[in-house]
Amino acid sequence: MTKQTSDRREFLKKTGTSVAALGVLSVAGSAALAADNKSVPDMSNGANNFFKSEKVATHKVAFNNQYKMKVVGNLFTPKDLNRNAKHPAIIVGHPMGAVKEQSSNLYAQKLAEQGFVALAIDQSFWGESEGQTRNLVSPDIYAEAFSAAVDFLGTQSFVNRERIGVLGICGSGSFVISAAKIDPRMKAIATVSMYDMGAANRNALNHSLTLEQRKQIIADAAQQRYAEFTGGATQYTGGTDLVLNEKTHPIQREFFDFYRTPRGEFTPAGALTETTTRPTLTSNIKFMNFYPFNDIETISPRPMMFITGDQAHSKEFSEEAYRLAGPAKELVLVPGAGHVDLYDRVNLIPWDKLNAFYKKNLA
C-alpha cells in the first residue's frame, strides 16, 4: 500500500466520509463485538428506528422533480385528520447514504402524532426514488427533491401551502439549507446532527485534510471515470464496514451499530448490502463544489433551528451554520448525545423543541 493510499484511507476514517452519514463517537458506547463479527445492537435510550405509530396513517406517494425523476416518500397523517381543513406540513430528509426507513420515518411519525402532515422522502438515486447510477452524489438534485416535495404537498387539498417546513437529518441538513436559500415556500427550517457535506469532503473535520490529499482524492475519482466509461464496474467509496475486527475505527463501530445490525439495518429492494450507505467513487467528489452555508443569512427572516449532540464531532457544522445564519435562529445542544444517537434514540431526541419550533413557526 502506498503512503498516499494509506493517508487517504486514514482520512476517510477520520472524517467519517467512510461511513454513511459521517459521524461521532457515541456517548452511549459501542456495542460489544461478538465472535461472528456482528455487533449486539445498542438499544439504550429508547432506540426505536422502526417505530410504528398507532396514531397515524401511512400512505406511499410518488411525484416528479423538475428533472422528471420520480421521488418516492411515505406520507404520514394523523388518523383523525380533517381532510376538509388545511394543515401545516413538514418534509423530512434522511441521513446521507441512508433511506427513508432509517431515521426519517421515525421523525415524520412523531411529528404527525403532533398534528402535522409529515412526508419522509427517499433522496434521488437512493431507496425507492429514481435516478441512475444508483447511489450517485448530486447536491443540486438532492436539494431539488425537497422543492419537489413542496410542490407535491402544496397541491394537496388538506395542506396549507403557506405552512410547510423542512427537517434535514445529518447530510440532509445541508441539503435543506441549500434548498431553502432559493425556495421561500419553506417557512421553517430545522436540522438534526447536520453535516455540511461540502466542507466535510473538502476539508475533513477540523480542517485536517491537506490540499495535497484533497487533490489526490479528486485525481483518483477522475481516473476511475475512464475505467467506468469504457465498461468497468462502478466503484463505491466510504460507507459502513460490513464486519468488525479489533482494528475497526470507533466511528465505524458507531455507524455499524446502526446500519449493520437490527437496530437500523435496511436494504432497499433490488439493492445489495455491500453497496448500502456507499456513494459512487466518481460522483462523491461533487460534494467538493457544494457550499450550502454560503448566503445562509438570506434565509432570514424565516426561522432556523440547529439540533446537535454536545458530544457529536459533527457539532462544528451546526455551530458554524448557527454563527452564519441571520436572525430568528436557535442552536440546541443535546446533553450526552453523539451524532448517530439522534437518529433513533427517542429518549435523547428533543421532541419538545422540535414540536414547539414548528407549531410556533407554521402557525
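Nothing in this text is a laboratory measurement; each read-out follows from the coordinates by a stated rule. These numbers were taken from a predicted model, which means no experiment stands behind them. Every residue, glycine among them, receives a Cβ derived from its backbone with ideal geometry; neighbour counts consider all protein chains shown.
Here is how the numbers come out for the structure above:
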item: In nm, spacing of pseudo-spin labels at Ile182 and Arg323 (7 Å Cα→C-beta vector); result: 2.7 nm
item: Mean separation of Cα contacts under 8 Å, 6 or more apart, over the residue count of the chain: relative contact order %; result: 24 percent
item: Mean-position separation - Cα centroids, the stretch 291-307 and the stretch 243-272, in angstrom; result: 32 Å
item: C-alpha long axis of helix 351-361 to longest principal axis of the chain, angle in °; result: 50 degrees
item: Fully extended contour minus Cα-Cα distance, from Gln132 to Lys247, at 0.36 nm per residue; result: 37.9 nm
item: Ranked Met197, Met304, criterion: other C-beta atoms within 10 Å, fewest first; result: Met304, Met197
item: Residue exposure sequence - Tyr322, Tyr142, Tyr67, Tyr226 - by fewest surrounding Cβ within 10 Å; result: Tyr226, Tyr67, Tyr322, Tyr142
item: DSSP-defined beta bridges in the chain - what % are antiparallel, rounded to 5; result: 35 percent
item: Between 0 and 90°, nearest 10: helix 250-259 axis offset from the chain longest Cα axis; result: 50 degrees
item: Packing rank of 91-103, 328-340, 234-246, where each peptide gets the mean count of other beta carbons within 10 Å, highest leading; result: 91-103, 328-340, 234-246
item: Student exercise, the chain dipole from Lys, Arg, Asp, Glu Cβ charges, in Debye to nearest 20; result: 580 debye
item: Estimated 222 nm signal from helices in the chain, with DSSP H stretches of n ≥ 4 weighted -39500 (n - 2.57), rounded to 500; result: -9500 deg cm²/dmol
item: Residue order, fewest to most surrounding Cβ atoms within 10 angstrom, among Asp42, Asp183; result: Asp183, Asp42
